[in-house]
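The structure under discussion appears below in the form of structure tokens.
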Amino acid sequence: MLLVELRIHGRGGQGSVAMAEMIAGAAFAEGKFAQAFPYLGGGGERRGAPVQAYARISDSPIKLREKIEEPDLVIVQDPTIMEMVDVLSGLKKDGVILFNSESTIELSREDVRAFFVPASRIAIETIGRPIMNTALIGALARITGLVSVDAVAEAIREKFPGEIAEKNVLAVRKAYEQVGGVE
Amino acid sequence: MDLPLGGVCKAGESRKLETGKWRSFRPVVDKAKCIKCGRCAEFCPDSCMEIKEDGAEVNLYYCKGCLICMRECPVDAITKEVEEK
Amino acid sequence: MTIQTEVKELHAPGHRACPGCGCAIAVKLILRETGPNTIVVSPTGCLETFTSPFRGSSWEVPWIHSLFENAPAIATGVLAGLNSKGNVDGTKVVAIGGDGGTYDIGMGALSGMFERKDDILYICYDNEAYMNTGIQGSSATPLGAGTTTTPVVGDSFGKMVSKKDLLAIALAHDVPYVGTASIANPADLKKKVRKGMDNPGPAFILMLSPCNLGWGFEPEDTVELARKAISTGLFPIVEFENGRLVSAQKIKPVPVEEYLKPQKRYQHLYKKENFNEVLKAIQEKADRNIEKYDLAKDRN
Amino acid sequence: MKGKTAILEGSRAVAEAVRACRPDVISVYPITPQTHILEDLARFVSSGKLKSQFVRADSEFSAASIVYGASAAGARAYTASASQGLLLMNEVIYAMASTRLPVVLTAVNRAISAPITIQPDHQDTMSLRDTGALQIHVESMQEAYDAHVQSFRIAEDPDVQLPLMVCMDGWVISHSYEPVTVFPDEAVAEFAGSFTPVQKLDPSNPLTYGAYADQDVLMEYRYAMMIAQEKAKDKIRSVTKEYREVFGNFDGDLLDTHCTEEAEVVLVAMGSMVSTIRAAVDELRSEGRKVGLIKVRTFRPFPRDEIIAACGKAPVVAVLDKSLSVNSGGILATEVKSAFYGGSSQPVIVPFIAGLGGKEVNRRVIKEIVDIASRAAEKQGAQETVWMGLDRSFFS
């Protein structure tokens, strides 16, 4: 049975939950079962404050509604957050961590696999604004194969209208190509 | 007897309550003086004053004896009497 | 046993108001103007208690009471319910509440109703204290008036602060029709009820409602006291349309003493010399009203 | 009936159901984590997708009062709230229930201050348990949708005529995304029917609502609600059965069971943790542990006979509460215990407080509960309440 659990680290306003939702949507578009949920509470939705969002992807219906304490995957939308948050917390051995970054990032653990993608730059180039969510999902598709680029595109088109959707899909494709750390 | 759903009651059921029994004084209209202006009826809190052909008439079934009618009568056609129980 | 005869009023007799109740007079007059195609909403209070005993309602129009603090919101809901079905009969919603339910505990809901511009006529019968529970002070209790919670003891001269200016609050909400009215002037009261009903959007009428029990006067003097409140300038009869003063009833001002002295709630002000200041303040309040609304009759 | 399945937020699923049921009047006041429902409905009305009177309220108190007035005027009425907002509505809901106004209310469960928190637990709706309103607790986004589609018919039934609260855990249900099957609006509208009030505020037949009563009838009106809640049981059973026939989904009627056959420990719970318990029970069963689950779906009406029957011959029943009656214990546990009192079978009932203020209840906690409950079987008599995850270092 496939059950992948992932955690997203971002800041309020960066759309961490929307990203989790799109990942779930992409998995669903591929015929998988999926679930996305926010960090429960935390005192409201303050712009800039560290936030977390979660997703589960499975090949069978998901019953679990517990928190994800030991994710298989971690996505870091904004590496500056690492000063405040232990993004590696609970990440499984051989787990994957993906950074929105131009280059590799030094980690305190060697038993995880780290990747990076210049998602913000790609977003500026394609969408015109540094909204890096969709680019990160493109990178995730490449690294894990959990979701295909086409499924991600479908999820994006569900969520955004016409031209905006297409720009985001372009970001996904670019990020898919530009992931760093892939052997 | 049915219990009305949700405590919702019919309209105007107060009419059966004889508030006239509350009275200590009763207003008495001197119909010779009454000019049928209707002020007493206008101001009566208990809607007891009826202006008939020959002058104002008090509905003693409801009249609580407040005597506003007496006080407001412009021609002093209304006086009070102690209510005999 | 007296014979029960038919009395055609939408506020039926047999209600349990105190003899000489100002509010009972008002409600009778109001309903004469609203007619039967009206739904009335009332908060908890004297009116609610004396009109709605179980299987003894004196209402001949549909009437709803639910709680103390929510009459304006209930009214909004009733209106929304009517509107959801198109309100083809043009049924009007009128709320009638006391000062406790209006000035105090229902203030938030009233503010909401005003702000949403709901098409409701709200009439406050202001007897200036919580009479239903035994004469406790409210924010409508005027300066110097004694109640059980603004007691006259030692240097305490009753209510130590002035009455809340509800008219100004209504005007601050841009309520399109705002007025004061009195049982002492039924024609004017009915005219204002009509205007308030016909006016689209919220309307607010403040009505001073003398309470012989709570104010301490003879029941027969109810209307006369309402009249004195006007003629002293303490309760100006005014009318605002879209925030603009459109009418003010002229008076031949009499000293406030004529209004205060017949009432037990003000008796103490005449018994202690150092309470003179309070009397002066009350007179000044009346004078300010007279000046503000230019109430005094032209000497010419 | 075939629906469209998509990844939906729980709040959206609720809003979709409410929209299709076509309430005449909606009035809601914002409070976290209920607001997404309010926002969706506001957008539906503004865009013309829903023809309802949408009234912005100045407080939860007013929101409840507005739907109260609307319902009395004969309209199908809907509101929603959470936490403090539900407490602020409390007085109105008492009056609403006793006046027999069938308003549907979504209660997005959230803990009560202080300390202030937006984490989920059931303290808020438990505070309204004695109002007379019906309470259906859902465990998933799909059930949140299903229950709302069913809700208006149950509440508005002439034999019931009570407000109905659909209770769903904040965040876990309201703000989470899952595949949800939404059925065509026309089919839902047909299922939900329309509201035909038995009485209303109407100038052609003027009635007095909210009369003043004394000792002669007040008790009788409380008793009338007891009868109505009992009648609601049949109505809930028939509506959920019909829902299964029309739409295919069934989340249980008064309750639902999972693996209770020959169970040695039966867990009783409500709300979103039921799903996690299902997963834990499956894992334990695969390890050969005889564990079962009873999901209490309607906390009001309380399914006392159904719980006793579902527990069967299980020697141990563990009740998980996300609420507390201070100095008494878990509220669901108290009610489960009272259901068994005087009966022929008397399992050992172990009360657990778990998940207050959003404290995590995961499979590990569930398994711990099963272990504690199994051990308790050896101990006779009343069982101490077990507080899961309580940091006792504060009290040493």
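The values are calculated or read from the model by the stated rules, or taken from the named source; none is laboratory data. Computed from a predicted model, the values in this text were never measured in an experiment. Glycine also receives a Cβ, built like all others from the backbone with ideal geometry; neighbour counts cover every protein chain displayed.
Could you give me the residue pairs with C-beta distances under 8 Å whose first residue belongs to the stretch A:24-35 and is among the charged types (D, E, K, R), whose second residue is in a helix (DSSP H, G or I) wherever it lies, and which are 6+ apart or on separate chains?
Every condition considered, the pairs that remain are A:Glu30/A:Ala151.
If a residue has to be more than 22 Å from C:Leu31 (Cα to Cα), at the interface with chain C (Cβ under 10 Å from one of its Cβ atoms) and of a type outside the set (S, T, N, Q) to count, how many in the stretch B:19-56 make the cut?
6
Might you let me know whether the stretch C:205-222 holds any residue that is closer than 26 Å to B:Arg39 by Cα, surrounded by fewer than 23 Cβ atoms within 10 Å (Cβ to Cβ) and more than 14 Å from every other protein chain (Cβ to nearest Cβ)?
Checked the stretch C:205-222: at least one residue is closer than 26 Å to B:Arg39 by Cα, surrounded by fewer than 23 Cβ atoms within 10 Å (Cβ to Cβ) and more than 14 Å from every other protein chain (Cβ to nearest Cβ).
Among the residues that make up the stretch B:6-17, is at least one of them within 11 Å of chain C (Cβ to nearest Cβ), crowded, with 19+ Cβ neighbours inside 10 Å, more than 13 Å from the chain's Cα centre (by Cα) and part of a strand (DSSP E or B)?
Yes, the stretch B:6-17 contains at least one residue that is within 11 Å of chain C (Cβ to nearest Cβ), crowded, with 19+ Cβ neighbours inside 10 Å, more than 13 Å from the chain's Cα centre (by Cα) and part of a strand (DSSP E or B).
Would you mind telling me which numbered condition in (1) surrounded by fewer than 24 Cβ atoms within 10 Å (Cβ to Cβ); (2) within 7 Å of another protein chain (Cβ to nearest Cβ) C:Ile64 fails?
With (1) surrounded by fewer than 24 Cβ atoms within 10 Å (Cβ to Cβ); (2) within 7 Å of another protein chain (Cβ to nearest Cβ) applied to C:Ile64, the lone miss is (1).
Could you please let me know if C:Tyr122 is surrounded by 23 or more Cβ atoms within 10 Å (Cβ to Cβ), out of contact with any strand residue (DSSP E or B) (no Cβ under 6 Å at 6 or more places or on another chain) and either modelled with pLDDT under 95 or among the aromatic types (Phe, Trp, Tyr) (or both)?
Working: surrounded by 23 or more Cβ atoms within 10 Å (Cβ to Cβ): yes; out of contact with any strand residue (DSSP E or B) (no Cβ under 6 Å at 6 or more places or on another chain): no; either modelled with pLDDT under 95 or among the aromatic types (Phe, Trp, Tyr) (or both): yes.
When the stated conditions are applied, C:Tyr122 does not pass them.
Within 12 Å of chain D (Cβ to nearest Cβ), assigned to a helix (DSSP H, G or I) and of a type in the set (Val, Ile, Thr) - does that describe any residue in the stretch C:115-136?
No, the stretch C:115-136 contains no residue that is within 12 Å of chain D (Cβ to nearest Cβ), assigned to a helix (DSSP H, G or I) and of a type in the set (Val, Ile, Thr).
Just checking, how many residues over the stretch B:18-38 are touching a strand residue (DSSP E or B) at 6+ places or on another chain (Cβ under 9 Å) and outside any loop (DSSP other than H, G, I, E, B)?
Initially, the stretch B:18-38 is screened for residues touching a strand residue (DSSP E or B) at 6+ places or on another chain (Cβ under 9 Å), giving B:20, B:24-38.
Cutting the leftovers down to outside any loop (DSSP other than H, G, I, E, B) gives us B:20, B:25-29.
Number satisfying all stated conditions: 6.
Touching a residue at least 40 places away in the same chain (Cβ under 8 Å), β-branched (Val, Ile, Thr) and in contact with a Lys or Arg (Cβ under 8 Å, 6 or more places away or on another chain) - does that describe any residue in the stretch C:142-153?
From the stretch C:142-153, those touching a residue at least 40 places away in the same chain (Cβ under 8 Å) are C:142-147, C:152; that's our starting set.
Filter once more, so that each one left must be β-branched (Val, Ile, Thr): C:147, C:152.
Now drop any that are not in contact with a Lys or Arg (Cβ under 8 Å, 6 or more places away or on another chain), which leaves C:147.
For the stretch C:142-153, residues touching a residue at least 40 places away in the same chain (Cβ under 8 Å), β-branched (Val, Ile, Thr) and in contact with a Lys or Arg (Cβ under 8 Å, 6 or more places away or on another chain): present.
In the stretch A:64-95, what residues are crowded, with 19+ Cβ neighbours inside 10 Å and more than 17 Å from A:Ser16 (Cβ to Cβ)?
A:Arg65, A:Glu66, A:Asp72, A:Gly95
Going by the conditions given, is D:Phe352 outside the structural domain of D:Gln123 (by TED's automatic domain parsing), without any contact (Cβ under 8 Å) to a residue 60 or more places away in the chain, surrounded by fewer than 21 Cβ atoms within 10 Å (Cβ to Cβ) and under 25 Å from the mean Cα position of the chain (by Cα)? Talk me through it step by step, then tell me what you get.
Working: outside the structural domain of D:Gln123 (by TED's automatic domain parsing): yes; without any contact (Cβ under 8 Å) to a residue 60 or more places away in the chain: yes; surrounded by fewer than 21 Cβ atoms within 10 Å (Cβ to Cβ): no; under 25 Å from the mean Cα position of the chain (by Cα): yes.
Here the answer is no, as D:Phe352 does not meet what is asked.
Based on what the data block shows, is C:Thr102 in a helix (DSSP H, G or I), among the β-branched types (Val, Ile, Thr), modelled with pLDDT of 95 or more and within 25 Å of D:Met89 (Cα to Cα)?
Details: in a helix (DSSP H, G or I): yes; among the β-branched types (Val, Ile, Thr): yes; modelled with pLDDT of 95 or more: yes; within 25 Å of D:Met89 (Cα to Cα): yes.
The answer is yes for C:Thr102.
Among the residues that make up the stretch D:224-244, is at least one of them within 14 Å of chain C (Cβ to nearest Cβ), of a type in the set (A, V, I, L, M) and surrounded by fewer than 22 Cβ atoms within 10 Å (Cβ to Cβ)? Talk me through it step by step, then tell me what you get.
The initial filter retains those residues of the stretch D:224-244 that are within 14 Å of chain C (Cβ to nearest Cβ), namely D:224.
Now restrict to residues that are of a type in the set (A, V, I, L, M): D:224.
Restricting the remaining residues to those that are surrounded by fewer than 22 Cβ atoms within 10 Å (Cβ to Cβ) gives D:224.
Within the stretch D:224-244 (the criterion being within 14 Å of chain C (Cβ to nearest Cβ), of a type in the set (A, V, I, L, M) and surrounded by fewer than 22 Cβ atoms within 10 Å (Cβ to Cβ)), the answer is yes, since at least one residue qualifies.
Any idea how many residues of the stretch D:1-43 are assigned to a strand (DSSP E or B) and closer than 19 Å to A:Gln35 by Cβ? Before you say what the answer is, go through the steps one by one.
Let us first name the residues in the stretch D:1-43 that are assigned to a strand (DSSP E or B), namely D:4-9, D:25-28.
This time we only want the ones that are closer than 19 Å to A:Gln35 by Cβ, so: D:4-9.
Within the stretch D:1-43, residues that are assigned to a strand (DSSP E or B) and closer than 19 Å to A:Gln35 by Cβ number 6.
Would you pick out the residues in the stretch B:9-22 that are over 13 Å from C:Arg16 (Cβ atoms) and out of contact with any Leu (no Cβ under 8 Å at 6 or more places or on another chain)?
Of everything in the stretch B:9-22, just one residue is over 13 Å from C:Arg16 (Cβ atoms) and out of contact with any Leu (no Cβ under 8 Å at 6 or more places or on another chain), namely B:Gly12.
Out of the stretch A:102-148, which residues are farther than 23 Å from A:Ala29 by Cβ, free of Cβ contacts under 8 Å to residues at least 60 places away in the same chain and part of a loop (DSSP other than H, G, I, E, B)?
A:Glu102, A:Ile105, A:Glu106, A:Leu107, A:Ser108, A:Arg109, A:Glu110, A:Asp111, A:Val112, A:Gly128, A:Arg129, A:Pro130
Can you find a residue in the stretch D:203-216 that is under 30 Å from D:Thr5 (Cα atoms) and either crowded, with 19+ Cβ neighbours inside 10 Å or not assigned by TED's automatic domain parsing to the domain that holds D:Tyr145 (or both)? Even if it seems obvious, please write down each step before you answer.
First pass over the stretch D:203-216, keeping only residues under 30 Å from D:Thr5 (Cα atoms): none.
No, that holds for no residue.
With respect to C:Gly108, determine if the residue is part of a helix (DSSP H, G or I), touching a Gly at 6+ places or on another chain (Cβ under 6 Å) and within 10 Å of chain D (Cβ to nearest Cβ). Explain how you work it out, then say what you get.
On the way: part of a helix (DSSP H, G or I): yes; touching a Gly at 6+ places or on another chain (Cβ under 6 Å): no; within 10 Å of chain D (Cβ to nearest Cβ): yes.
Considered against the rule, which asks whether it is part of a helix (DSSP H, G or I), touching a Gly at 6+ places or on another chain (Cβ under 6 Å) and within 10 Å of chain D (Cβ to nearest Cβ), C:Gly108 comes out as no.
Quick one: how many residues across the stretch A:125-163 are surrounded by 16 or more Cβ atoms within 10 Å (Cβ to Cβ), more than 15 Å from the chain's Cα centre (by Cα) and farther than 26 Å from A:Leu3 by Cβ?
4
Counting only residues that are surrounded by fewer than 20 Cβ atoms within 10 Å (Cβ to Cβ) and part of a helix (DSSP H, G or I), how many does the stretch D:151-202 have?
The total comes to 5.
Can you go through D:Ala228, D:Ala263, D:Ala310, D:Ala318 and tell me which one is over 27 Å from D:Ser344 (Cβ atoms) and at pLDDT 95 or above?
Working: D:Ala263 fails: over 27 Å from D:Ser344 (Cβ atoms); D:Ala310 fails: over 27 Å from D:Ser344 (Cβ atoms); D:Ala318 fails: over 27 Å from D:Ser344 (Cβ atoms).
D:Ala228 is the lone residue from the list that is over 27 Å from D:Ser344 (Cβ atoms) and at pLDDT 95 or above.
Restricting attention to the stretch C:43-55, and to residues there that are part of a loop (DSSP other than H, G, I, E, B) and buried (at least 24 other Cβ atoms within 10 Å of the Cβ), which single residue is nearest to the other protein chains (Cβ to nearest Cβ)?
Here is the first cut: in the stretch C:43-55, the residues part of a loop (DSSP other than H, G, I, E, B) are C:43-45, C:52, C:54-55.
Right, trim to buried (at least 24 other Cβ atoms within 10 Å of the Cβ) and you get C:43-45, C:52.
Values: C:Pro43: 10, C:Thr44: 9, C:Gly45: 11, C:Ser52: 5 Å.
Filtering the stretch C:43-55 for residues that are part of a loop (DSSP other than H, G, I, E, B) and buried (at least 24 other Cβ atoms within 10 Å of the Cβ), the one nearest to the other protein chains (Cβ to nearest Cβ) comes out as C:Ser52.
Considering only residues that are touching a residue at least 40 places away in the same chain (Cβ under 8 Å), surrounded by fewer than 16 Cβ atoms within 10 Å (Cβ to Cβ) and hydrophobic (A, V, I, L, M, F, W, C), which ones fall in the stretch D:245-283?
D:Val246
Output the residue which, of all residues in the stretch B:34-55 that are among the hydrophobic types (A, V, I, L, M, F, W, C) and farther than 22 Å from C:Ser58 by Cβ, is surrounded by the fewest Cβ atoms within 10 Å (Cβ to Cβ). If you could, list the steps in order and put the result at the bottom.
Filtering the stretch B:34-55 for residues among the hydrophobic types (A, V, I, L, M, F, W, C) gives B:34-35, B:37, B:40-41, B:43-44, B:48-49, B:51.
With the extra rule that they be farther than 22 Å from C:Ser58 by Cβ, the set shrinks to B:34-35, B:37.
Numbers: B:Cys34: 19, B:Ile35: 12, B:Cys37: 15.
Only one residue fits best here, namely B:Ile35.
If you scan the stretch A:69-86, which residues turn out to be touching a Leu at 6+ places or on another chain (Cβ under 9 Å) and within 12 Å of A:Ile8 (Cα to Cα)?
Listed by number, the residues that qualify are A:Pro71, A:Asp72, A:Leu73, A:Val74, A:Ile75, A:Val76, A:Gln77.
What number of residues within the stretch D:44-100 are part of a helix (DSSP H, G or I) and in contact (Cβ under 8 Å) with a residue 24 or more places away in the chain? Before the answer, list the steps.
Keep residues of the stretch D:44-100 that are part of a helix (DSSP H, G or I), which gives D:44-46, D:60-72, D:83-98.
When the remaining residues are screened for being in contact (Cβ under 8 Å) with a residue 24 or more places away in the chain, the result is D:44, D:60-68, D:70-72, D:83-98.
Adding up the residues that qualify gives 29.
As an exercise: evaluate D:Glu139 against (1) part of a loop (DSSP other than H, G, I, E, B); (2) surrounded by fewer than 22 Cβ atoms within 10 Å (Cβ to Cβ) and give the number of the one condition it does not meet.
The single condition D:Glu139 does not satisfy is (2).
Quick test for you: out of D:Asn109, D:Asn90, pick the one residue that is touching a Cys at 6+ places or on another chain (Cβ under 7 Å) and either under 23 Å from D:Pro30 (Cβ atoms) or modelled with pLDDT of 95 or more (or both). Break it down into steps so the answer makes sense when it comes.
Details: D:Asn90 fails: touching a Cys at 6+ places or on another chain (Cβ under 7 Å).
Within the list D:Asn109, D:Asn90, the selection yields D:Asn109.
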